[in-house]
Amino acid sequence: MAHTLLPFVASFSSHVLCTQLLISKPHLPQFSSTSSALHRRFSCLATSVQSTSVTQFDIKQYMIEKAAIVNLALDSAIPTKSFPQSNRLHDAMHYSLMAGGKRIRPALCLTACKIAGGHEAWALPTALATEMIHTMSLIHDDLPCMDNDNLRRGKPTCHIAFDEPTAVLAGDALLALAFETASNLSSYPTEVSPDRIARAVGELARCIGTEGLAEGQVVDLECTCVSDQVPLDKLEYIHLHKTASLLEAAAVTGAIIGGGSDEQIDQLRRYARSIGLLFQVVDDILDLTKSSEELGKTAGKDLVSDKTTYPKLIGLDKSREFVEELLGQAKEQLNDFDPESAAPLVSLANYIAYRQR
Amino acid sequence: MAHTLLPFVSSFPSHLLSTQFLISKPHLPQFPPTSDAFHRRFSRLAMSAQSTTATQFDIKQYMIEKAAMVNQALDSAIPDKAVPQSNRLNEAMRYSLMAGGKRVRPALCLAACKIAGGLELWALPAALATEMIHTMSLIHDDLPCMDNDDLRRGKPTCHKAFDEPTAVLAGDALLALAFETASNLSSYPADVSPDRISRAVGELARCIGAEGLAAGQLVDLESTGLSEPVPLDKLEYIHLHKTAALLEAAVVTGAIIGGGSDEQINRLRGYARSIGLLFQVVDDILDLTKSSEELGKTAGKDLASDKTTYPKLIGLDKSREFAEELLGQAKEQLNGFDPESAAPLVYLANYIAYRQK
């Protein structure tokens, strides 16, 4: 397992990990490395993990299958146009929702449901909801008054393809649809009690607002305007709110729907927070090292905009070390689960860490 | 009762009422009024309703009491952040939420809960949610790319007091908070089953999205600035979605939580749609006849922007007739309920019809 290959990774200075949100890391031996030595080890680890993935669990195939299920359901999730007057809004929602994307959040939700003891399909409504929320946050983030992006997932952003008012309202409508979808009792089997559904809906709600997405984005925008670099704890705050909170909601709602215990739910919560931060650190690294074409979105933006990133604050090598650290923490949360059920989550964490786009 | 004073109001041409949304009106005697005669009758009706109000049910006092309860609950709904990374988002949300407002929607929600057989307080979470949703819709509607309003409830709009990005995100966060509040199981007594709560949450979601608020606003925006006036059926579509949908949600969620039967819920739904349309017709009339100072928002905007309104389409007198017609329809829906429980809703309908701002 990749996990056993990590003991020699230098333990990252603990003050940069917000212990409030992450469990205390296991003690790892100190290892002073030169950057080229670490780079070789990083590549070596990556190769080992990938070969392990191929023989033990095909995460790519798994993701393709889950994305197919999710895409089919999303495609028919936008309500039928009862009135010709509302075509434009529906079109914009559909455009953004079906513009591609890896569907990581829904996949995480379905998998968490299974690992917690339920059937994957039970969590489909909440899985769809997480993707709708993710999409609406992108629509609003791309707006001219926000990040002002013209390109997303290789296509014109919503306000470019339609217009700004339509994009604002499509985002609002998708958020509403997310809750409509997740709270629809008739789309769950009887095994899933209304109690669990209400609890899941509450979790979803918390991840978007002042404890989640919106908060992360506000602080991020505030920091973008400031000339000084953002301190590391604030950067982590931004990422935990902007990115990790929705992944957390995906994992936790899946686990709730699947009937997981409080202990299991907490472990999955911490797993999600680790991979959420991981996701963003990798994003920062990729933005620095890849081109727009490879990424499918505007690259090099961070450098141009003076936005604080992990590589800028702590350097590329230490960022890669941190990635390994977070990956280890994430996988540690899965130790108590049945290894076969946990395999997708382990591999998903690797996927997030080692993805190229 | 004001209801008995209305038989002589001329029945409005039926093709102008979208029967899809309103129940078929009772047959009323034809009465061709002159505008002077009608104006006298309208004033007389207003005075009669008010004098009836003062002796039989004090709607103003009722609204003040409900608003006080709601304001107190809203004020504590957005706590200061425990981690002071940023209070900006919370401040913007609180600014808009506590900027005034008649709290009509929460009042409706509480009253509907009671009329359906429950205790008023059961519906407080859902009532708060309707006001949060109403507020977020105003924040987004006021944005520069939307209606571009600088003034609301007598104060600078959210994007003016803060900035555009904060206003977009404050709206999103309020929407999230609405669902978090409404779906929070622990804020309901045991009498209110999770089943009812999920159902109520679903109703809320439906009223904001692609078949509700958002749809109405987009069609409204699309219709603004066109050289030809909007046809009457489209105008009704706009108002039923922009205004009536949320009033409907307020009433229906209250009734669901109160344990109302499907029949009762449907009647209350019909009531809400009538007063929703009524609300907007009166708004159109007031915009034409009052000043900014009296209204607390930018008046004369409709005229200036060439926006289609009822007075523009059918004239001021016929708009007033229509208002009376809708008022009658609304109150008819309440006929099957206990008169004492129904009193607030009857007088609320009058309040909406005869308000001066």
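The values are calculated or read from the model by the stated rules, or taken from the named source; none is laboratory data. Being a predicted model, the structure only gives us computed values, none of them experimental. Cβ placement follows ideal geometry from the backbone for every residue including glycine, while neighbour counts extend to all protein chains displayed.
Quick rundown of the values:
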quantity: Qualifying residue in region A:216-238 (condition: polar (S, T, N, Q) and out of contact with any helix residue (DSSP H, G or I) (no Cβ under 8 Å at 6 or more places or on another chain)); calculated: yes
quantity: Residue tally, condition touching a helix residue (DSSP H, G or I) at 6+ places or on another chain (Cβ under 8 Å), within 20 Å of B:A210 (Cα to Cα) and assigned to a loop (DSSP other than H, G, I, E, B), over region A:150-168; calculated: 2
quantity: Test: residue in region A:258-273 that is of a type in the set (V, I, T) and within 14 Å of chain B (Cβ to nearest Cβ); calculated: no
quantity: Qualifying residues in region A:221-246 (those that are within 10 Å of chain B (Cβ to nearest Cβ), without any contact (Cβ under 8 Å) to a residue 40 or more places away in the chain and within 18 Å of A:V282 (Cα to Cα)) - the one surrounded by the most Cβ atoms within 10 Å (Cβ to Cβ); calculated: A:H241
quantity: Selection count where residues are acidic (D, E) and within 21 Å of B:Q264 (Cβ to Cβ), scope region B:322-356; calculated: 3
quantity: Qualifying residues in region B:173-188 (those that are surrounded by fewer than 24 Cβ atoms within 10 Å (Cβ to Cβ) and small (G, A, S)) - the one nearest to B:K114 (Cα to Cα); calculated: B:S187
quantity: Odd one out for B:D150 among (1) within 14 Å of chain A (Cβ to nearest Cβ); (2) surrounded by fewer than 24 Cβ atoms within 10 Å (Cβ to Cβ); (3) among the acidic types (D, E); (4) more than 15 Å from A:L169 (Cβ to Cβ); calculated: (1)
quantity: Check on B:S227, at pLDDT 90 or above and either over 30 Å from B:S86 (Cβ atoms) or of a type outside the set (D, E) (or both); calculated: no
quantity: Residue list for region B:327-349, filter: of a type in the set (D, E, K, R) and either surrounded by 24 or more Cβ atoms within 10 Å (Cβ to Cβ) or under 17 Å from B:G276 (Cβ atoms) (or both); calculated: B:K331, B:E332
quantity: Any hit, region A:192-199, residues being more than 25 Å from B:L174 (Cβ to Cβ) and among the aliphatic types (A, V, I, L, M); calculated: yes
quantity: Some residue of region A:205-220 being closer than 28 Å to B:A126 by Cβ, surrounded by fewer than 19 Cβ atoms within 10 Å (Cβ to Cβ), without any contact (Cβ under 8 Å) to a residue 12 or more places away in the chain and at the interface with chain B (Cβ under 10 Å from one of its Cβ atoms); calculated: no
quantity: Selection within region B:169-183 - facing another protein chain (nearest Cβ under 7 Å), among the small types (G, A, S) and assigned to a helix (DSSP H, G or I); calculated: B:A173, B:A176
quantity: Residues being surrounded by 21 or more Cβ atoms within 10 Å (Cβ to Cβ) and without any contact (Cβ under 8 Å) to a residue 40 or more places away in the chain - total across region A:252-268; calculated: 0
quantity: Single unsatisfied condition, B:E131 versus (1) facing chain A (nearest Cβ under 9 Å); (2) of a type in the set (D, E, K, R); (3) crowded, with 24+ Cβ neighbours inside 10 Å; (4) within 18 Å of the chain's Cα centre (by Cα); calculated: (1)
quantity: One residue from A:P125, A:P144 being modelled with pLDDT of 95 or more, in contact with a helix residue (DSSP H, G or I) (Cβ under 9 Å, 6 or more places away or on another chain) and within 10 Å of another protein chain (Cβ to nearest Cβ); calculated: A:P144
quantity: Contacts under 9 angstrom Cβ, first residue in region B:189-204 being within 7 Å of chain A (Cβ to nearest Cβ) and surrounded by 19 or more Cβ atoms within 10 Å (Cβ to Cβ), partner of a type in the set (F, W, Y) and assigned to a helix (DSSP H, G or I), 6 or more apart; calculated: B:V201/A:F179; B:V201/B:F179; B:G202/A:F179
quantity: Qualifying residue in region A:67-84 (condition: modelled with pLDDT of 90 or more, in contact with a strand residue (DSSP E or B) (Cβ under 6 Å, 6 or more places away or on another chain) and crowded, with 17+ Cβ neighbours inside 10 Å); calculated: no
